[in-house]
Amino acid sequence: MSDQITLDGYKELVKKHLDILTPIFAKASIGDFTSTLEIPDDSEEFVQLYAGIQIMLEVIRDQLAQLNRENQIKTEFLMLAAHQLRTPLTTMRWNIEAILASKQGLVSDELRRNMERLHSGNLKMINLINDLLNITRIEEQKHEEQFRVVDPVETINQIIKEQDPLIKRKKISVKVLPENTTMPKVMTSPKYFYETVLNLLVNAVKYNKPNGQVIIKIEERALRLLITVQDTGIGIPDNEKDRIFTQFFRGQKATQQEAEGTGLGLFLVKSFIDRFGGKIWFESKEGVGSTFFVDLPIIAKPQEISETLDK
Ligand code: ADP
C-alpha cells in the first residue's frame, strides 16, 4: 500500500473492492463458481487477495468438473448395465410366457406353478430395471419423450383394464367418476401420463384392504385437469408423510402388507409431474385411506418445449 494514502482514501478503496467481491461471494454461496476476477492495479495487498480468490475459484471449478465427469461415467455405466440386463430378461419373459400359454396337458401342473413363480420374479426384475433407467434419465435430464394429445379418460380406462388381474386378486372395486364422461384432452407426454396414473392406481390397490374401494375422479378446472385417486386402504402414518416422494422410501406397514416394491414409483411420478408444470400432493389417515391429487395444466409442456412455444 502506498504510504501517502489517507484513512478516508483507504476506506474508499476497501468499499470499492467490497463492491466487486461481494457479488462473487454471493454467487459462490449458492454453488456458482463461474465468476472471473480482473486483478486490480491499485495496491499490492489487493493484487494478492484477488490472485488468491482467483486461484481458489479455479481449483473449485476444476474439482467440480472432475466430479461431474465421474458422475457421468457412473450414470452411463448404470444405464448400460441396466440395458444389457433388460435384453436377456425380456427374452426369458417371452419364453416363459410361451410355455405358460401352451395347451393344457402339455405342461404338468407342478411345472406350470414353478413357471408362474419364475414369471413373477422375472417381471419384478424387469420393472426394477425400468425404474432404474427412468431415474438415470431424469437425473441426466435426457427427456426425449414425445409431446402429444392424450385422452385422460381413455388412458385411465385402459390402465384399469390392464390391471384387472391385480384388482381381482386383491378383491378391490375400482370406479371412475363422473361415469361415461369425456374430458378435454391434455397435451403432454403419453408415456409419463400413463406411468403417473398407473403408479397411483397400483398403489391404491396394493395398499388397500380386502373388499376395499378405489375411486378415480377427473375434473376440469380453469385450463387444468385435477385427477384424484382415493382409496380405503391402510393410509399413511403422520411420521412417514414427508418421505413419501423420496427415492427408495417404503412405509413400514406398507412393506409388511406388500413385501415387493422399490420405493421408486412416487419419486418418479413427482419428477414427471414437476417437469410438466403440474402439482402432486396427498391427504391420508392411517387405517382409513389415502387420496392422491394430481393437478396438471391442459397444455402440460415440458420445460424446454415450453420455452420454444412461448417465444
Ligand atoms: P412402492 O409402492 O414400491 O413401495 P412408491 O414410491 O409407489 O413405492 O410408494 C412409496 C411408499 O408410499 C409406499 O411404500 C407406501 O408406504 C406409501 N404409499 C404410496 N401410496 C400409498 C397408498 N395409496 N396408501 C398407503 N400408502 C401408500
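Nothing in this text is a laboratory measurement; each read-out follows from the coordinates by a stated rule. Since we're looking at a predicted model, the values are computed, not measured. Glycine gets a Cβ as well: all are built from the backbone with ideal geometry, and neighbour counts include every protein chain shown.
Report yes if some residue within segment 29-38 is within 30 Å of Met125 (Cβ to Cβ), surrounded by fewer than 11 Cβ atoms within 10 Å (Cβ to Cβ), free of Cβ contacts under 8 Å to residues at least 24 places away in the same chain and within 47 Å of the chain's Cα centre (by Cα); otherwise report no.
Within segment 29-38, the first condition is being within 30 Å of Met125 (Cβ to Cβ), and the residues that meet it are none.
No: zero hits.
Looking at Phe249, Phe245, which one is in contact with a Leu (Cβ under 6 Å, 6 or more places away or on another chain), within 9 Å of the ligand (Cβ to nearest atom) and more than 14 Å from Val174 (Cβ to Cβ)?
Phe245
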message: Restricting to segment 252-274, name every residue that is part of a loop (DSSP other than H, G, I, E, B), without any contact (Cβ under 8 Å) to a residue 60 or more places away in the chain and near the ligand (Cβ under 6 Å from one of its atoms).
response: Gly261, Gly263
task: Please work out which one of (1) within 8 Å of the ligand (Cβ to nearest atom); (2) surrounded by fewer than 22 Cβ atoms within 10 Å (Cβ to Cβ); (3) in contact (Cβ under 8 Å) with a residue 12 or more places away in the chain is the condition Asn203 fails and give its number.
output: (2)
- request: Select from segment 63-115 the residues that are among the basic types (Lys, Arg) and surrounded by 14 or more Cβ atoms within 10 Å (Cβ to Cβ) and write down the one among them that is nearest to Leu133 (Cα to Cα).
  value: Arg86
